[in-house]
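Right, one structure below, let's go through it.
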Amino acid sequence: MDIVTNYHPVFKAFLAGSFSGTFSTVLFQPLDLVKTRLQNPNHHVMAATVNGRIQPGMITIFANIIRQEQIVGLWRGMIPSVARCVPGVGLYFSSLHWLKGKMGKSTGDLKAIEAVLLGVVARTMSGIALIPITVIKTRYESGVYKYTSLSGALKSIYKAEGLRGLSCGLGPTLARDAPFSGLYLMFYTQTKQAVPKEWLQSPSAASAIHFSCGIVAGIAASLATNPADVLKTKMQLYPDKFPNAFSAAVYIHQTYGIKGYFKGAVPRMLRRTLMAAMAWTVFEEITRSIGLK
C-alpha cells in the first residue's frame, strides 16, 4: 500500500475500483448467468420443462444449470465477465474521481443532480470503451453461442458481423448502465449524507453503513433500468433479428407484454445491488487506506 500511495490519484482510483470489481464480479457471476438465461427463455425451454409445464423461473434455471453443467456451470462466462467488469469498474471509479476533481467536489459534497450527471458521464465513458467485451459476455452466458475463448469470440464476431457486431446493443447498454450509475450514485450519496458523520468516521461502523447505503441505492436503480437490460440482451444475442432497440421492444411487448421488460429482474437486482454495494464498500476502504480521501 505504501508504494500505491505515490501513484497519481486517478490511477489509484482505477486500482481501487479494479480490485473491488474483481471480488464482486467473481462472487456474483451465477446471478448474472441466470439473469441472461431468464431473458432468453426459448433456448432453455426444454431444460426448464417440468411435468409437461414450462417453468422458466430463477430456481428452475439454477437447478438445470447445475444438473446439466454441474456447479462450475454457474460460472460460465467468467472470463469475459472479469475482462469487462474489472477494468470497467476501474474506469468508472477513476473517471468519477477525475470528474469530481474537475468540479472541485468530493462524494459527500455532491448534490442529487450532480451525482446523477457524474454517474451517467463516468459510466458512459467506460461503457463505450468496453462494449465489445459486453457483447461477448452476454453471448457466453446465454449458451446460444459456443465460443471457446475470448480472442476466438472477438475474431468470430468481427469476421461474421464486423464492427457492428462488436458494438451491437450499445444504445440499450448505455440506456441501462448510464442511468443505473447516475441513479445509484444519487441514492448512495444522498443516503450517506443522511447518516450522522460521526458514524461514518467510526472504523467499526463505516463499512456496514456504506454497504447498507449501497443496498438501498442498488434496489431502486436496478428496477428502473431493467427494461433496457432486456433489450440489450435480445439485441446482442440475435443481432439479425433485432437490429435496433425498437424492433426488440416491439417483439418483447407482443410476446410477453409489460412483464417481459422485467424478465430476470430478481437475479439482476440481487447481483447489481450486492455487487455495487460491495464494490463501493471495498472502494471506500481502499481509498481511505491509500490516502485517496
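Computing the accessible area with a 1.4 Å probe over protein heavy atoms, can you report the carbon and sulfur percentage for the range 90-249?
Numbers: 4650 of 6980 Å².
Roughly 67 percent, rounded to a whole number.
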Helix-only [θ] at 222 nm, the chain, -39500 (n - 2.57) per DSSP H run of 4+, per residue, nearest 500, equals -25500 deg cm²/dmol
Which order do peptides 166-175, 19-28 fall in by mean Cβ count within 10 Å, highest first?
166-175, 19-28
At 7 Å along the Cα-to-beta-carbon direction for both SER149 and LEU200, put a label point, then send me their distance in nm to one decimal.
4.7
Is the chain best put as rounded, prolate or oblate by its Cα gyration tensor, with a ≥ b ≥ c the root eigenvalues, rounded for a/c under 1.5, and otherwise prolate when a/b is larger than b/c, oblate when not?
prolate
Distance in nm between GLN254 and ARG164 label points, each 7 Å along Cα→Cβ, equals 2.1
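Which of the residue pairs LYS12/LYS100; LYS146/LYS232; LYS35/LYS159; LYS111/LYS232; LYS12/LYS192 have a Cα-Cα distance greater than 25 Å in the structure shown?
Working: LYS12/LYS100 15 Å; LYS146/LYS232 20 Å; LYS35/LYS159 28 Å; LYS111/LYS232 30 Å; LYS12/LYS192 23 Å.
Listed pairs above 25 Å: LYS35/LYS159; LYS111/LYS232.
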For ARG84, ARG37, what's the largest-to-smallest order of accessible area, 1.4 Å probe?
ARG84, ARG37
What distance in nm separates the simple spin-label points at ILE113 and ASN244, each placed 7 Å from Cα in the Cβ direction?
3.2
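The values are calculated or read from the model by the stated rules, or taken from the named source; none is laboratory data. A quick note: this is a predicted structure, and the numbers were derived from the prediction, not measured. Cβ atoms come from the backbone with ideal geometry, glycine included; neighbour counts cover every protein chain shown. What goes into the accessible areas is simple: the full protein's heavy atoms, side chains included, and nothing from ligands, DNA or RNA. Shrake-Rupley method; radii C 1.70, N 1.55, O 1.52, S 1.80 Å.
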